[in-house]
Amino acid sequence: MSTGHRCVNRRTVLGAAAAGAAAVGLSGCGGAEWYPAEVTPDAYVVRAVLREKERMVTRYETAIAGGAEPAELLGRLLEHHLTHADALAEALPDDADPSPEAAPDASAVEGPALDTPLTAADLLVLESSATAARLDQAAAVTDAGLAQLICGIGACEAGHAHLLDEER
């Protein structure tokens, strides 16, 4: 029988120390309630979607003012976007400013300038792009209600794209 001592090698000790440090570091986060910034990740996403909605409202208003057809359909879709913007503003925390100073300016937005009148075909492209973005935005929030709101908005935008496509 062997009575020799088995020594733990240095790699095992260093690996255990690193794992322990990681566990201690992660446990200090405090779960979903901890976030070091004034704006939570969910509020950040809602604000981003709200800014997109505000730009879409402006684009529809400009298109309608520029005589884009079918005016009646565009007016109905504009009302939907206004309703979406209201729902998103209500989803923000009570003390949150729906239009923070950190919002990107119009020059940072891809696409035509906000004051350029678009056609229904142009709006179709924007609606389709917005629909695609909603999936990632819904996946980025932790609150199930916000995810449902964003998915519902995306579904409505998909319907807009379909209606605009039928009018072509």
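The values are calculated or read from the model by the stated rules, or taken from the named source; none is laboratory data. This one's a predicted model, so the numbers in the text were calculated from it and none came from an experiment. Glycine also receives a Cβ, built like all others from the backbone with ideal geometry; neighbour counts cover every protein chain displayed.
General remarks:
- Residue that is nearest to residue 60 (Cα to Cα) [pool: residues in region 142-166 that are surrounded by 14 or more Cβ atoms within 10 Å (Cβ to Cβ) and among the charged types (D, E, K, R)]: 157
- Picking from residues in region 30-64 that are among the hydroxyl-bearing types (Ser, Thr, Tyr) and modelled with pLDDT under 95, the one that is farthest from residue 80 (Cα to Cα) is 35.
- Check on residue 72, acidic (Asp, Glu), loosely packed, with under 15 Cβ neighbours inside 10 Å and either farther than 26 Å from residue 139 by Cα or at pLDDT 75 or above (or both): yes
- Those residues of region 126-150 which are closer than 15 Å to residue 84 by Cβ, touching an Asp or Glu at 6+ places or on another chain (Cβ under 9 Å) and among the β-branched types (Val, Ile, Thr), in sequence order: 131
- Residues of region 118-168 that are of a type in the set (D, E, K, R) and part of a helix (DSSP H, G or I): 122, 127, 134, 136, 157, 165, 166.
- Of all the criteria given as (1) out of contact with any helix residue (DSSP H, G or I) (no Cβ under 8 Å at 6 or more places or on another chain); (2) at pLDDT below 95, the one not satisfied by residue 116 is (1).
- Check on residue 22, more than 18 Å from the chain's Cα centre (by Cα), of a type in the set (Gly, Ala, Ser) and at pLDDT 95 or above: no
- Of the residues screened, residue 104 is not one that is at pLDDT below 90, within 19 Å of the chain's Cα centre (by Cα), within 15 Å of residue 47 (Cα to Cα) and surrounded by 15 or more Cβ atoms within 10 Å (Cβ to Cβ).
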